[in-house]
Amino acid sequence: MAQLWGGRFTKSTDQMVYDFNASIGFDQKLFAQDVRGSRAHVKMLASVGVITDAERDEILAGLDSIEADVNSGKLEITSEYEDVHSFVEANLIDRIGDAGKKLHTGRSRNDQVALDMRLYTRDAVETTAEDLKHLLGTICGIMEEHIDTIMPGFTHLQKAQPITLAHHMGAYFEMFKRDVLRLNDIRERMNYCPLGSGALAGTTYPLDRNMTAQLLDFYGPTLNSMDGVSDRDYLIEFLSALCTIQMHLSRFSEEVIIWNSNEYRFVEIDDGFSTGSSIMPQKKNPDIAELVRGKTGRVYGALMSLLTTMKGIPLAYNKDMQEDKEMAFDAMKTVQDCIVLFDGMLATMTFNKDVMANSAKNGFTNATDAADYLVNHGVPFRDAHGIIGQVVLYCIDKGIAIDDMSLEELKAISPAFEEDIFDAISMETCVNKRLTIGAPGHDAMVNEIKECKAFLA
Ligand code: ARG
């Protein structure tokens, strides 16, 4: 049990207390960030004359050797240390002696952990945005390929109007695009360096906080030292963005599961992304989509957990804040995995165009267009709505689509129908007449895809 703070204590910590208090089991994930922060800190300390250049070089060499040994597996991060910060400092002192004891000058673990977590989160924000952009590329590819693939659009999960697969995919493009933009916003807002805040009240050493901030690729230092050590807003914002991403993935998964069902058969999930049943030989299950949908709960949980942890904490640092890590790490990894796996599943999925087209045709998705046809032939809309209602009833009775009726059958219901009704209510016409911005018509989609590509460029 190597403690950094033993001096003031007359007896050692009870083992259970030590274990309960320690964070090394999970904060070792911050090892790379901790070493990076220490490098910047000692470079700054030397530049303002708090340590000598020779001491700086000794510390930097010591940090290099610790990092090399940890990365090669020669040095293990063990529960012998309370946290990752103690691990690095104790090993540094073991290796280089007195110079190592100067590493922590003008620094507290409070600003150190605030920095480490911010660096780790900044990387995760960037990686998540990159993964999302890759997914957007996959979606955009499907949009281009299926600009004329007709399918039913749904409201209330009831067939509503014909759309295209490109149009449906385009809706998800917009969602994940907003997610990327949200991540970019978060990165902008969080990119300030808390190191130099000290325990809470800054420090009496003439630290150059601008220099440390610059060395660590921040825009500048945080502006209040109490806030610097106790702010976790950036993490709450990121977890909230992760929740929204996961909610989008979950909706999309739900649709894939429905589309892949024996009843729908709109899509076929690739064998590589499906699993079987131990008892039912015929089964091919959409487990990846189900797991992505299912993992949404733990991501929401991480956000609720941190919001609740933070809500009663007086300024500045309190040990409660150590609880910001485990669930956040889990949420970051979970969402990254979900994006990558969902992307792979989507990229290898095949779309049953005929099934989709038939489903649109046989679901009265052209009923609105049939009513509009009557309006264009002088029938007031409310009357037209009633007439097409009768047409639909007639078709349901006969088990046919509106397109399958003869002109005589149609005329028997309303004399306003003419031969051109059939062209007016074909699926192709219904889709391609919808040309307003954001609508599924071919030319409108060409423009939408252009915008998608511009975003990805
Ligand atoms: N393990 C702690 C955390 O994760 C590091 C900061 C500890 N500071 C302290 N004064 N006990 O928050």
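Values in this text are rule-based calculations from the coordinates and carry no lab data. Here the structure is a predicted model, which is why all the values come from computation and not from measurement. Here the Cβ is made from the backbone with ideal geometry for all residues, glycine too, and neighbour counts use every protein chain on show.
Here are the numbers for the structure shown:
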{"item": "Packing-based exposure ordering (other Cβ within 10 Å, fewest first) of Ile339, Ile93", "result": "Ile93, Ile339"}
{"item": "C-alpha center-to-center spacing [segment 121-181, segment 208-244] in angstrom", "result": "32 Å"}
{"item": "Average Cα contact separation per residue, segment 265-401, under 8 Å, 6 or more apart, as relative contact order %", "result": "27 percent"}
{"item": "Length-normalised contact order for segment 162-315 - Cα pairs under 8 Å, 6+ apart - percent", "result": "21 percent"}
{"item": "Full-stretch length increase - Glu290, Ile258 - with 0.36 nm per residue and alpha-carbon distance subtracted", "result": "10.4 nm"}
{"item": "Kyte-Doolittle mean at least 0.5, axial Cα span of 20 Å or more - DSSP H helices of the chain", "result": "233-259, 296-310, 326-348"}
{"item": "Relative contact order of the chain, defined on C-alpha pairs under 8 angstrom at six or more residues apart (%)", "result": "16 percent"}
{"item": "Longest DSSP-loop-exposure-free segment, GluC sites (Glu not before Pro), the chain, at most 13 other Cβ within 10 Å", "result": "81-262"}
{"item": "Efficiency of FRET from Cβ geometry, Leu223 and Ser406, R₀ 60 Å, rounded to 0.05", "result": "0.20"}
{"item": "Fully extended contour minus Cα-Cα distance, from His134 to Lys311, at 0.36 nm per residue", "result": "60.1 nm"}
{"item": "Alpha-carbon centroids, segment 317-333 and segment 408-457: separation in whole Å", "result": "51 Å"}
{"item": "Rough spin-label spacing in nm, given labels placed 7 Å along Cα→Cβ, for Asn358 and Asp98", "result": "8.7 nm"}
{"item": "Viscosity 0.890 mPa s, temperature 25 °C, Stokes-Einstein D of the chain from Kirkwood C-alpha radius, µm²/s", "result": "93 µm²/s"}
{"item": "Met175, Met427, Met151, Met304 arranged by Cβ crowding within 10 Å, fewest neighbours leading", "result": "Met304, Met175, Met427, Met151"}
{"item": "Residue-span extension gain [Asn184 to Asp443] - 0.36 nm each, minus C-alpha spacing", "result": "90.1 nm"}
{"item": "Sequence ranges 217-225, 435-443, ranked by mean other-Cβ count within 10 angstrom, highest first", "result": "217-225, 435-443"}
{"item": "Simple spin-label estimate for Ala54 and Met304 in nanometres, 7 Å along Cα-Cβ", "result": "6.0 nm"}
{"item": "Leading residue at positive end of dipole, the chain (Cβ point charges), from Leu435, Ala166, Leu115", "result": "Leu115"}
{"item": "Residue exposure sequence - Lys311, Lys411, Lys361 - by fewest surrounding Cβ within 10 Å", "result": "Lys311, Lys411, Lys361"}
{"item": "Within the chain, helix-based [θ] at 222 nm, where runs of 4 or more DSSP H residues each add -39,500 (n - 2.57), nearest 500", "result": "-19500 deg cm²/dmol"}
{"item": "Per residue Cα convex hull volume in Å³ - calculated over segment 380-457", "result": "116 Å³"}
{"item": "Dipole axis of segment 6-105 (+1 Lys, Arg; -1 Asp, Glu on Cβ), positive-most option in Thr52, Thr10, Phe31", "result": "Thr52"}
